[in-house]
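Some notes on the structure that comes next.
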Amino acid sequence: MRARATSIFLSMLILINFSISVHSNVSDDNLAEEKQIQIINIIPHNNSSFTQGLEEINGKLYESSGLYGNSYLAEISQIDGQIIRSKNMPDEYFAEGITYFQDSLIMLTWKSEIALIYNLTDFSLVGNFSYSGEGWGICNNGKNFIMSNGTSDLSFRSLDSFEIEKTITVTLNGVEVNKIKHLNQILLH
């Protein structure tokens, strides 16, 4: 499990730092365009973390780590990978993806059907949204929250109510892409 967490962390870090260079445009024939990436930095990471969400916000790195009884939200040092500050989640929550919106971090829970809203400054819980089904990845494009649930569907949700406004199915060469996890804001503009 430690190798998986480290691998996920590094993969998400690459997505965050290099999302512009890996941005996949859809061509006229609806085929995904392959892009190259370049690793410019590797940050040490706590092997006991079960990284589910990762965001870089104003030069700071935020992580949500899952597992029942061990879920937390943290600010992580981009120099040495150490936790700067963290907030433990109640034992009944399995933390999943996070996104930044209006000075808050919105964090999905896997099976609890709730998105928790935390103040970015002090990690205080300031609200929540409810939804049906599993929560996996989340981002926003300034117009909607975009959420994955482990299938090939992405739901576009209201920024105010979290209600589904539309759903799209992700395909690659006509085949549905399941288990979509981390979503990146730049990729969905």
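Sort out which residues of region 129-143 are in contact with a helix residue (DSSP H, G or I) (Cβ under 9 Å, 6 or more places away or on another chain) and either assigned to a strand (DSSP E or B) or at positive phi (or both), and write them in order of number.
Restricting attention to region 129-143, the residues satisfying the condition of being in contact with a helix residue (DSSP H, G or I) (Cβ under 9 Å, 6 or more places away or on another chain) are 139-141.
Across region 129-143, the qualifying residues are Cys139, Asn140.
Within region 144-160, the set of residues being over 15 Å from Met107 (Cα atoms) and either assigned to a loop (DSSP other than H, G, I, E, B) or not polar (S, T, N, Q) (or both) comprises Gly150, Thr151, Ser152, Asp153, Leu154, Phe156, Asp160. Suppose we keep only residues that are at pLDDT below 85 and not acidic (Asp, Glu) within region 31-45. Which one would you say is farthest from Tyr100 (Cα to Cα)? Per the criteria, the residue is Leu31. Of all residues in region 169-184, those satisfying the criterion of being closer than 14 Å to Gly137 by Cβ and either loosely packed, with under 12 Cβ neighbours inside 10 Å or touching a residue at least 24 places away in the same chain (Cβ under 8 Å) (or both) are Val177, Asn178, Lys179, Ile180, Lys181, His182, Leu183, Asn184.
Checking the stated criteria, Phe50 turns out to be crowded, with 16+ Cβ neighbours inside 10 Å and touching a Lys or Arg at 6+ places or on another chain (Cβ under 9 Å). Within the set Asn140, Asn119, Asn88, the sole residue that is within 23 Å of Lys166 (Cβ to Cβ), among the polar types (S, T, N, Q) and touching a strand residue (DSSP E or B) at 6+ places or on another chain (Cβ under 6 Å) turns out to be Asn140.
Here is a yes/no grid of residues against (1) farther than 23 Å from Tyr62 by Cα; (2) at pLDDT 95 or above; (3) of a type outside the set (Ser, Thr, Tyr):
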{"position": "Ile106", "(1), (2), (3)": "no, yes, yes"}
{"position": "Ser112", "(1), (2), (3)": "no, yes, no"}
{"position": "Gly142", "(1), (2), (3)": "no, no, yes"}
{"position": "Glu165", "(1), (2), (3)": "yes, yes, yes"}
{"position": "Asn173", "(1), (2), (3)": "yes, no, yes"}
{"position": "Gln185", "(1), (2), (3)": "no, no, yes"}
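The values are calculated or read from the model by the stated rules, or taken from the named source; none is laboratory data. Quick caveat: nothing in here was measured; it's all calculated off a predicted structure. Neighbour counts are summed over all protein chains in view; Cβ atoms, including those assigned to glycine, are modelled from backbone coordinates with ideal geometry.
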